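Please read the structure below before turning to the comments.
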Amino acid sequence: MEALQKMAQTAARVLRGGKEQKITARELVPGDIIILEAGDVIPADARLLQHENLAIKEAALTGESMQEEKSPASLPENTP
């Protein structure tokens with residue numbers, strides 16, 4: 001729970017209305033496009049649009065110490 005609270009205080013770079021902005025993770029809304037660079041903390045649950053060799057450390061959420069490879073694979077139409 002502490003990891004989630006810390007993530008909520010994280011800054012996020014997003015595209016909104018075609019403009020890049022820096023906001024807090026608490027200000028993220030559905031439809032924001034999050035911009036990430038190497039070493040960034042992912043500020044929210046999100047879907048990938050594109051990436052290049054992306055691997056995520058999920059230890060703070062899952063306890064798993066190994067990096068998890070991610071991909072922008074299509075999701076079923078009824079996915080929330």
Output the number of residues of region 17-51 satisfying the condition of being farther than 24 Å from Glu77 by Cα, out of contact with any Lys or Arg (no Cβ under 7 Å at 6 or more places or on another chain) and assigned to a strand (DSSP E or B). 4
Restricting region 1-11 to residues that are part of a loop (DSSP other than H, G, I, E, B) and surrounded by fewer than 12 Cβ atoms within 10 Å (Cβ to Cβ), the one modelled with the lowest pLDDT turns out to be Met1
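Residue-by-condition table, conditions (1) more than 14 Å from the chain's Cα centre (by Cα); (2) at pLDDT 80 or above:
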{"position": "Arg13", "(1), (2)": "no, yes"}
{"position": "Gly18", "(1), (2)": "yes, yes"}
{"position": "Val29", "(1), (2)": "no, yes"}
{"position": "Ile34", "(1), (2)": "no, yes"}
{"position": "Gln50", "(1), (2)": "no, no"}
{"position": "Asn53", "(1), (2)": "yes, no"}
{"position": "Thr62", "(1), (2)": "yes, no"}
{"position": "Glu69", "(1), (2)": "no, no"}
{"position": "Asn78", "(1), (2)": "yes, no"}
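The values are calculated or read from the model by the stated rules, or taken from the named source; none is laboratory data. Keep in mind that what you see is a predicted model, and the values were worked out from it rather than measured. Counting neighbours? That spans all protein chains shown, and the Cβs are built from the backbone with ideal geometry, glycine included.
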